[in-house]
Amino acid sequence: MLEIVSFILGLATTNSYLVADSETKEAVVIDPSWDGHIILKAAQDRNWRIGHLWYTHAHFDHIGGAAAIADALNPLPHVALHPEDHVLWRAGGGGAVFGLDIDPGPEPTIDLVHGMILKLGSNEFEVRFTPGHTKGHCVLYVPKENLCFCGDLIFNGSVGRTDLPGGDWNTLEKSIREQIFTMPDEIRLLSGHGPETTVGHEKQFNPFVGNS
Ligand SMILES: [Zn+2]
Ligand SMILES: [Zn+2]
């Protein structure tokens, strides 16, 4: 079974998800947004071992806690990121625009590819390539658990901004329609910012891409 601890961290109030397989106690952090020591402590308190960091995209407010987590781990965690976001990652996640100079943490070691399956214990996370907010944005879909970690692609009542470098509205809209709105309505969407929602709710009510 999957266990999820969520955090709201940093100056962009970004959601981070510490996800573990309850049998093996293996854990991953999906978007270690900020204050890595807080995420680390939550894992230690539960006796979970963080082996991987998975990034929906490389914006600074989604990777800002990586260095602090990695510093405390031996061996270093594997870092998964889509190659199209490597340039952004090397640039510190675009933080310079906001006057922030962050340590991006350990080098990405796993190239996310559309359709690949990431495993955590017996749980399978399907990678879906969903550019538009950044060039290499991906979501992680866990059909067996009825949930999707969707980063800054779509939010409860909103969508990811497309005015930062690498952003493009038409691409974002296409990603939402083809990769999110094709999922069953009951799928829970755990976003990078704000409260969770569902595919069905956003299909109907999202003011940018919904029906009404
Ligand atoms: Zn972002
Ligand atoms: Zn964000």
What's the longest piece of the chain with no exposed trypsin sites (Lys or Arg not before Pro), counting a site as exposed if DSSP puts it in a loop and it has at most 15 other beta carbons within 10 Å?
47-160
Report, in whole Å, the centroid distance computed from the Cα atoms of region 109-170 and region 34-67.
17 Å
Candidates I154, I69, I117; GNM for the chain (alpha-carbon contacts under 10 Å) flags as most fluctuating I117
Distance histogram for region 38-103 (every C-alpha pair counted, 10 angstrom bins, percent rounded to whole numbers):
21, 48, 26, 5
So which lysines pass the test for K203, namely a Cα distance under 29 Å, with those fewer than 8 places away in the same chain ruled out?
K119, K135, K144, K174
So if I restrict to the alpha-carbon atoms in region 120-212, what is the Rg, and what is Dmax, the biggest pairwise distance, in Å?
12.3, 40
Put a dot 7 Å past each Cα toward the Cβ at K144 and E126; how far apart are the dots in nm?
1.4 nm
Between L164 and D45, what FRET efficiency follows from the Cβ-Cβ distance if R0 is 35 Å, with the result rounded to 0.05?
0.50
Computed over the chain, the convex hull of the Cα set has an average projected area, in nm², of 10.3 nm²
To the nearest 20 Debye, how big is the dipole of region 83-167 about its Cα centre, given +1 on the beta carbon of each Lys and Arg and -1 on that of each Asp and Glu?
200 debye
Any chance you could tell me what percent of the C-alpha pair distances in region 11-127 go past 22 Å?
29 percent
Reachable aspartates and glutamates from K41, Cα under 14 Å, same-chain residues fewer than 8 places away excluded?
D71
With r defined as the distance between the Cβ atoms of H86 and F205 and R0 fixed at 30 Å, what FRET efficiency is calculated, to the nearest 0.05?
0.25
Short version: ³J(HN,Hα) in whole Hz for each residue of region 24-33, in order, from phi by Karplus 6.51 cos²θ - 1.76 cosθ + 1.60 (θ = phi - 60°), x for Gly and Pro, what are they?
8, 6, 6, 10, 10, 10, 8, 6, x, 5
Relative contact order (percent, whole number), region 3-132, Cα cutoff 8 Å, 6+ residue spacing
20 percent
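A short reminder: the numbers here are calculations on the coordinates, not readings from a lab. Remember, predicted model here, so these are calculated numbers, not experimental data. FYI the Cβ positions are ideal-geometry reconstructions off the backbone, even for glycines, and counts take in every protein chain you see.
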